[in-house]
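Notes follow once the structure below has been shown.
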Amino acid sequence: MTGALAVSTDPAVVQRVVAASGDDPATRPVVRGLGVDESAGRADAGSLERARAERRSVVVDVEGGVLRLDPVVLGDTTAVVEVFVPESELTGNSRWLLLLGVAAALVGAAVLVVDRVAARAVDSARGLVRAALAIGDGDQGVRVDPSGPRELAEAGHAFNRMADRLDAARTDERELVADLSHRLRTPLTVLRLDAEALESDDTSVGSFSEAELDRRRGIRRIRQAIVTLEGEIDVLIKTTRKAVAHEAGPAMCDVSEVVRDRMVFWAALAGDQNRPHRVSGAQLRIPAPVPRAELAAALDAVIGNVFRYTPQGTAFEVAVSRRDGYVAIRIDDAGPGIANPDRALRRGTSDQGSTGLGLDIAKRVALQANGSVSIDRARLGGASVVMLLADPEATPRQVSRFGLVGRMAREQKTGSRRWPRQRPTDD
């Protein structure tokens, strides 16, 4: 409107320009001071005079909106162009600004959510990569926490199952090696006993023919080879046993089944050496908190001592019982016995690495099962080695295992003797 006034101040022209400025008479500009129609004006005289005096735009609040007063200098006269802006148009712009702000906030929130979701997916993928590299480096205990998108979570669960299978497979493999080692050691015991039954291999006393010297040297080589092979198998047994015990959790076995299984071999050897033998109490299932291979090795060690340190024809007995919260495995023989049981037990705790020549393996297995090993006089007349293992199915009671050993010893003394006694020795 101010541009139109700069072109012409003719009231008729100005009136036409005002009429053409809009369809709503309430929002059409009103020119004050040129003699045109001013009936639609809302500004008071004071506001008009202020605009003329200051010669700058003035905004005045009126009912229903605001007025903008723009002064226009026309020579000696100053006209004022009055424009009314309704309240609805003022708030309409605010609403648009509010909508724009809300839209911007939604876009920002969407970007943040997408970033977090993507970060979870990336973190899950990186976790899988780190776990896979750890498995490749030999860390079989590493696992992942399945998270992220459904596909990555399923991949995490599959990875954990794979790692569990690898761990179980390695444990099974080492248990198999330990079991095979024990199985090798059993016939090796027979070979050693047969070699010990041969004549002397001493070539330093007396004079012998060349053939006799060769024969004695051959016997010595056989015995030395057996000792070497026993040592190698002992190392293999100890290595695999430690690895399995470190990786595997608590294991259980059936004592009766283990006793029956091992006595299949020892009974055959006893028949070869004319040894009377008996197994009692191994008919029912009796669980014990020790691995099967460990208990089998302990039985082989103790029974092997019977064959090693008693003459051929000496009777022995293996009995299994269950009472007072413990499983008792008793190995009795009719040999010379052990004159100093305390010294024998101390010798069994040596660090010489033996897995069968002493009582160390039996003591270790018993301690692993919260039990103990004791030596007493057998009712057969020889040594009685008792292994006590905690009964996992027994009701918890405060029972001393030493009291149980004493009662078992008294029961043996009151029992009948089926084979003759022999004089005790230290061996």
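Since every read-out is calculated from the coordinates, none of them should be taken as a lab result. Computed from a predicted model, the values in this text were never measured in an experiment. In this analysis, Cβ positions are derived from the backbone assuming ideal geometry, glycine residues included, and neighbour counts consider all displayed protein chains.
Some notes on this structure:
- Efficiency of FRET from Cβ geometry, residue 100 and residue 129, R₀ 41 Å, rounded to 0.05: 0.40
- Shown in residue order for segment 99-109 are the 3J(HN,Hα) couplings computed by the Karplus curve 6.51 cos²θ - 1.76 cosθ + 1.60 at θ = phi - 60°: 4, 4, x, 4, 4, 5, 5, 5, 4, x, 5 Hz (x for Gly and Pro).
- Under-5 Å amide H pairs with residue 65, H placed in peptide plane, nonlocal only: 87
- Taking a sphere under 10 Å around the Cβ of residue 163 and counting the other residues whose Cβ falls inside, with K and R at +1 and D and E at -1, yields a net charge of 0.
- Segment residue 340-residue 222, extension gain: residue separation times 0.36 nm, minus the distance between their alpha carbons: 39.2 nm
- Virtual spin-label span in nm between residue 74 and residue 232, 7 Å along Cα→Cβ: 12.5 nm
- Protection proxy ranking for 117-127, 101-111, using the average of other Cβ atoms within 10 Å per residue and placing the highest first: 117-127, 101-111.
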